Structure formats: C-alpha cells, structure tokens
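Quick notes on the structure that follows.
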Amino acid sequence: MLASDEVHRVFVVFARQAADRGVWVGKYVLMPDHMHWFVAVDDERIRLSTWVKSLKNALSKALRSAGVLGPHWQKGFFDHVLRGAESYSGKWDYVRENPVRAGLVDDAGAWPFAGQINDLEYRRDLVL
C-alpha cells in the first residue's frame, strides 16, 4: 500500500519540509508494506519519534483518501544509528536492493519509489 504514486508524492513533500523542523531526510526506499529512510537530526532536543508520528499521520491521510482502510502502521518504529561513511554506504546498498530481493524489479534503479531528498554527508568531526 505504500508503494504508490500518491504516497510517494506525499512522502517527498513531507520529507522536503522536514528540514524546517531540524530533520534532514537523505536516501529512502518505500516498499509495499514498509519504508526505509536515512535521516539526520540537527538538534538534540528534536525527538525522532515525534517526527515519525507526524510522517505516519501524513501518509495515513493520503492512504485514507485513496480508500485504504486502517490500521496502516504497527506501533513504534525501528531505528539504527550509523557510525560512519562506510556504514552509511553499506546500509544504503542493502536498503536499495530491497525491491530486487522482494522480486518487485530486476534492477534496484528501476524501482520508482526510491530516491534522495538531501545529501547526508558523514562528517567525523560531528561524531561525539
């Protein structure tokens, strides 16, 4: 249900506006039943869980408008902290191949529900 043109459009709009709230969305893949996205938060007071809840609400609105009845989401979400540029590229390689492993496309580049909003540059000087 998430791999649709309308959900993708709403996601991209929401992700572009996220920078106004201190959340920077990098690369992403929307799958039929889950999503992967890389984000950076530029203020420790920002709660990623609050942003994810807002994202889920925005996408649920689009799904309801398309006639997709809820519930649309499991409670919570899974996050993983990346520690370096190598980790970022390795995780991205794995994530971008999800549509291929699921048998949805033969080549990850052909999956229309993936992309990049911002270039999230790993900087060693930002790691605490």
*From Val41, Val68, grab the single residue that is within 21 Å of Phe113 (Cα to Cα) and β-branched (Val, Ile, Thr).*
Val68
*In segment 14-38, residue surrounded by the fewest Cβ atoms within 10 Å (Cβ to Cβ) [restricted to those that are in a helix (DSSP H, G or I) and more than 12 Å from the chain's Cα centre (by Cα)]*: Asp20
_Output for segment 39-56, where each listed residue is of a type outside the set (D, E, K, R) and either loosely packed, with under 15 Cβ neighbours inside 10 Å or in a helix (DSSP H, G or I) (or both)_ = Ile46, Leu48, Ser49, Thr50, Trp51, Val52, Ser54, Leu55
*All positions within segment 2-34 that are in contact with a Gly (Cβ under 8 Å, 6 or more places away or on another chain) and aliphatic (A, V, I, L, M)*: Val12
*asked:* Being under 27 Å from Val13 (Cβ atoms) and either part of a loop (DSSP other than H, G, I, E, B) or not β-branched (Val, Ile, Thr) (or both) is the filter here; which residues of segment 94-106 pass it?
replied: Tyr94, Arg96, Glu97, Asn98, Pro99, Ala102, Leu104, Val105
*Taking Gly90 and the conditions (1) out of contact with any Asp or Glu (no Cβ under 7 Å at 6 or more places or on another chain); (2) farther than 23 Å from Ser4 by Cβ; (3) modelled with pLDDT under 80, which numbered condition does it fall short on, given that it satisfies the others?*
(3)
_Selection within segment 59-87 - at pLDDT 80 or above, touching a helix residue (DSSP H, G or I) at 6+ places or on another chain (Cβ under 9 Å) and surrounded by fewer than 15 Cβ atoms within 10 Å (Cβ to Cβ)_ = Lys61, Ser65
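The values are calculated or read from the model by the stated rules, or taken from the named source; none is laboratory data. None of the values given here were measured: they were computed from a predicted structure. Quick reminder, even Gly has a Cβ in these numbers, built from the backbone with ideal geometry, and neighbours come from all protein chains shown.
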